[in-house]
Structures are given as structure tokens and as C-alpha cells.
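These notes concern the structure reproduced below.
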Amino acid sequence: MENESGNLVRKIIHIDMDAFYASVEQRDFPEYRGKPLVVGGSPEGRGGVVATASYEARKFGIRSAMTAKKAQQLCPYAIFVRPRFAAYKEVSQRIREIFSRYTDLIEPLSLDEAYLDVTVDKLNIGSAITIAEQIKQAIKDELNLTASAGVSINKFAAKIASDMNKPDGLTFIGPSRLEKFMEQLPVEKFFGVGKVTAEKMKRQGLHTGADLKQLTEQRLIQLFGKTGKFFYSIVRGIDHRRVQPHQETKSISAEDTFSYDLGKGEELSDWLVQIATSAFKRVQHYEIYGRTLTLKVKFGDFKIITRSMSFANPIVDLAHVQETAKILLDHLDLGDKKIRLLGVSFSNFGESKPKVKYNNHQPTLFPTTNT
């Protein structure tokens, strides 16, 4: 299929697994099936955070990123289990193998979702809808899991479509109805629109794509910065972003929001060690080691700052990770300020398996960045 310019109309599929972690647990452990299941941290003590909730748990209002304590309040008899990331990664690899039967243009966004460009598919099927149907069926038959699919001519619309009829849904937004669809879309559904931006838009009287469409590109940029340019295009059904099959990893991180704001002291230090350790475990898992470690701090007033330290060689030792994170935290002049969130990330990646052990302690301390 070609457009008026004679170019092939792109066929993009977005596949999103349904309650992925929870579904894998319910598949592997029959005693969890049909019950409200929460995968994530425990509600005991200070409590953790919900990673994924089964659809039975979602009926009670339990959602990802909610505190486990809150989830338990919403459903006192919910079952809480720790994530098994090795199992999820193995399933994700098998899902990727199914995708690769149809195309090599696969852009994974996480373990449980990916974009596929099937404009020209390996099996010469021709229909993106048929390919999406076959992928969904293969996932069901071979892995005993369900996925939802969105099909359209660009990434933005495909991702929106995959969320429209969950679970086990398939939604097609064709070129003839794409612009009308965008006009009717609530602003909070637009890419780049979080809670704060959505509230800002609504204060400006912008509630739907049709409202955004009334503004000039210059005015949208004035109101929302560079993202305004994207809003101007996407509300007209224009999204030229390509499916990127070989995206370079820019950073690996871990962070946690506390159930109450913390001042400087032993409890904050303990949390920093835990978060730094979690981030380093992820680095070890992917076997890519960064030369830069960044500390992210969100204060009680929601102001965010970051501080970074870089080294000549990749950071491959947990003790040095924890030590560096503590140094960065100690450089903060907190005064009476309380901290709401801490995060630790690695970037500036070098070789995947460093041959030189971490033995160079010549850091470069970057200035504080406000965001």
C-alpha cells in the first residue's frame, strides 16, 4: 500500500503483554490463578512498590508503582510475591523469537512490550493485522500467555491502540481515521503528557487533541518546550519515528520513593546502599559497565537535582559503587531539607566486560543539575 507520494505506508505493530509478571506467576503456579496477585515489594515494614498486579487485583484499584501497603489496604487478601526476573527474561526472549519469524525490525521497550515494523514482512503475509493475530496466537499456544496488539501506520498510534482493548485485545487504527482519532484523544493519553503537564493543559482549556490542534506550532512550543513540536505533528497523525532495532543503552538505574520524607542520617544511608546495590546488580545482569555514576535526589518539595562522578575506567566493584554514591550524597548541603526519592544510575558505558579492574580513583565531580 502506497500513499499519495508513492511511498510505502508503514505498518507498525505494538505488542504489549497482559499483566506480564503476574501472568507468568499465575501460569507457573496454579495456586495463584484467579486470585488477586501482586508482584513487587512486600507490604511489611516500610513496604515496597507494586511492579505488576494481576487483573483480579486491578479490580480493587491496585496499580503499578503503588506502594504495597496501599495495595494491601485496597485488597487485604491479595497475595504478594517477589519478582523472578530471570524467569521473565527467559519468557521475553521466547516472545522475541516469535517476533523474529515475521521481521528483524524489532524495538523492545522493556521485557513485556515492543514495536515491530512489518511494512515488508519475512513471510510475505502483507497484512499487519494478520501478523498481529498470528503473533498473539503463537504467544498463547507456545507460552500460555496473552498479549494485546495495536496496529497502525506509526509508533504513537500503535502504542495507543494496544492499550485500548486489554487484555488479549487487537485494535487497528487505519490511516483514514487516524487524524480524527487523535482529535478525540484526551490530552493525558498523549506521549510526553504526565499528570503535571495534563493539568497545565487543562488550565489552558486544552482537554483533547482537537483543542491542541487549534494552537500554532510556535504557541505549543512556547507552552510545552520541544515537546510542543511533537504535539503539533502527532495530533495531525504525523509521527516519523522509526522502529529502532539496535538501540544503544544510555543508562541503567534503580530508584525508590520513600513512604515518608527522610532527613540525612543512618536510615537515608541504608536506603542509598540498597538502591546503589540494586542498580549495580542490573549492570552485572546486562554485563555493561559504566564510567559515570549519577545520584538523583528528589526533595519533599518535588525539586530534583542530580550529581555525577566519572572515572577513567568502568566501575566494576560494588564496594566502590556504594562508596561513590555516599560521597555524592555527602556533597549535598541538605540543611533542613527532607528527601522523597533517591536514585542511582550508571552511564558512559565502555566495553561490555572490562579487562581492567576498577583501580583508578580519579573522579570528576560534575556540577549540580536542576530539572
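The values are calculated or read from the model by the stated rules, or taken from the named source; none is laboratory data. Keep in mind that this is a model prediction, so the values were computed, not measured. So basically every Cβ, Gly included, is an ideal-geometry build from the backbone, and we count neighbours across all protein chains shown. Keep in mind that these areas ignore ligands, DNA and RNA; they rest on the heavy atoms of the full protein, side chains included. Shrake-Rupley method; radii C 1.70, N 1.55, O 1.52, S 1.80 Å.
Of the residues that sit in region 249-271 and are β-branched (Val, Ile, Thr) and open to solvent by 60 Å² or more (accessible area, probe 1.4 Å), which one is modelled with the lowest pLDDT?
Across region 249-271, the extreme among qualifying residues is Thr249.
What tally of residues in region 66-78 results from selecting those that are in a loop (DSSP other than H, G, I, E, B), more than 13 Å from Ser259 (Cβ to Cβ) and not hydroxyl-bearing (Ser, Thr, Tyr)?
The number of residues fulfilling the criteria is 3.
When only residues in region 182-210 that are in a loop (DSSP other than H, G, I, E, B) and within 22 Å of Asp163 (Cα to Cα) count, which is farthest from the chain's Cα centre (by Cα)?
So the residue we want is His207.
Any residue at all in region 283-302 that's out of contact with any strand residue (DSSP E or B) (no Cβ under 7 Å at 6 or more places or on another chain) and small (Gly, Ala, Ser)?
No; the residues of region 283-302 include none that is out of contact with any strand residue (DSSP E or B) (no Cβ under 7 Å at 6 or more places or on another chain) and small (Gly, Ala, Ser).
Do we find that Thr103 is assigned to a loop (DSSP other than H, G, I, E, B), at pLDDT 90 or above, out of contact with any His (no Cβ under 6 Å at 6 or more places or on another chain) and hydroxyl-bearing (Ser, Thr, Tyr) in this structure?
yes
Going by the structure shown, is Ala158 in contact with a His (Cβ under 7 Å, 6 or more places away or on another chain) and among the aliphatic types (A, V, I, L, M)?
Yes: the conditions hold for Ala158.
Check region 48-59 and report whether any residue there is free of Cβ contacts under 8 Å to residues at least 24 places away in the same chain, surrounded by fewer than 20 Cβ atoms within 10 Å (Cβ to Cβ) and not polar (S, T, N, Q).
Checked against the condition, which is being free of Cβ contacts under 8 Å to residues at least 24 places away in the same chain, surrounded by fewer than 20 Cβ atoms within 10 Å (Cβ to Cβ) and not polar (S, T, N, Q), region 48-59 yields at least one hit.
Pull up region 211-235, narrow it to residues that are within 22 Å of the chain's Cα centre (by Cα) and closer than 17 Å to Ile160 by Cα, then point me to the one that is surrounded by the fewest Cβ atoms within 10 Å (Cβ to Cβ).
Per the stated criteria, the residue is Phe230.
Here's the yes/no breakdown for (1) among the hydrophobic types (A, V, I, L, M, F, W, C); (2) in contact (Cβ under 8 Å) with a residue 40 or more places away in the chain; (3) closer than 30 Å to Leu341 by Cα:
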site	(1), (2), (3)
Lys69	no, yes, yes
Ala86	yes, no, yes
Ile95	yes, yes, no
Asn124	no, no, no
Ala128	yes, yes, no
Ala138	yes, yes, no
Asp141	no, no, no
Gly174	no, no, no
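Return yes when Asp16 is open to solvent by 40 Å² or more (accessible area, probe 1.4 Å) and at pLDDT 95 or above and no when it is not.
no
Taking the stated definitions as given, is Lys140 part of a helix (DSSP H, G or I) and under 22 Å from the mean Cα position of the chain (by Cα)?
Judged against the criteria, Lys140 is not a match.
Where the second residue is assigned to a loop (DSSP other than H, G, I, E, B) and buried (at least 20 other Cβ atoms within 10 Å of the Cβ) and the first is among the acidic types (Asp, Glu) and lies in region 305-319, which pairs have Cβ atoms under 8 Å and are six or more apart or on separate chains?
No pair meets every condition.
(1) buried (at least 16 other Cβ atoms within 10 Å of the Cβ); (2) closer than 26 Å to Asp239 by Cα; (3) of a type in the set (A, V, I, L, M, F, W, C); (4) out of contact with any Lys or Arg (no Cβ under 6 Å at 6 or more places or on another chain): which one isn't true of Leu109, the others all being true?
Of (1) buried (at least 16 other Cβ atoms within 10 Å of the Cβ); (2) closer than 26 Å to Asp239 by Cα; (3) of a type in the set (A, V, I, L, M, F, W, C); (4) out of contact with any Lys or Arg (no Cβ under 6 Å at 6 or more places or on another chain), only one is false for Leu109: (1).
Taking the options Asp330, Asp301, Asp336, name whichever one is among the charged types (D, E, K, R), closer than 16 Å to Trp271 by Cα and either exposed (fewer than 14 other Cβ atoms within 10 Å of the Cβ) or modelled with pLDDT of 90 or more (or both).
Asp330
Which residue, of Ala132, Ala149, is outside any strand (DSSP E or B), under 24 Å from the mean Cα position of the chain (by Cα), surrounded by 15 or more Cβ atoms within 10 Å (Cβ to Cβ) and modelled with pLDDT of 90 or more?
Among Ala132, Ala149, only Ala132 is outside any strand (DSSP E or B), under 24 Å from the mean Cα position of the chain (by Cα), surrounded by 15 or more Cβ atoms within 10 Å (Cβ to Cβ) and modelled with pLDDT of 90 or more.
Which of the residues spanning region 279-298 are closer than 23 Å to Leu341 by Cβ and of a type in the set (S, T, N, Q)?
Thr292, Thr294 - these are the residues of region 279-298 that are closer than 23 Å to Leu341 by Cβ and of a type in the set (S, T, N, Q).
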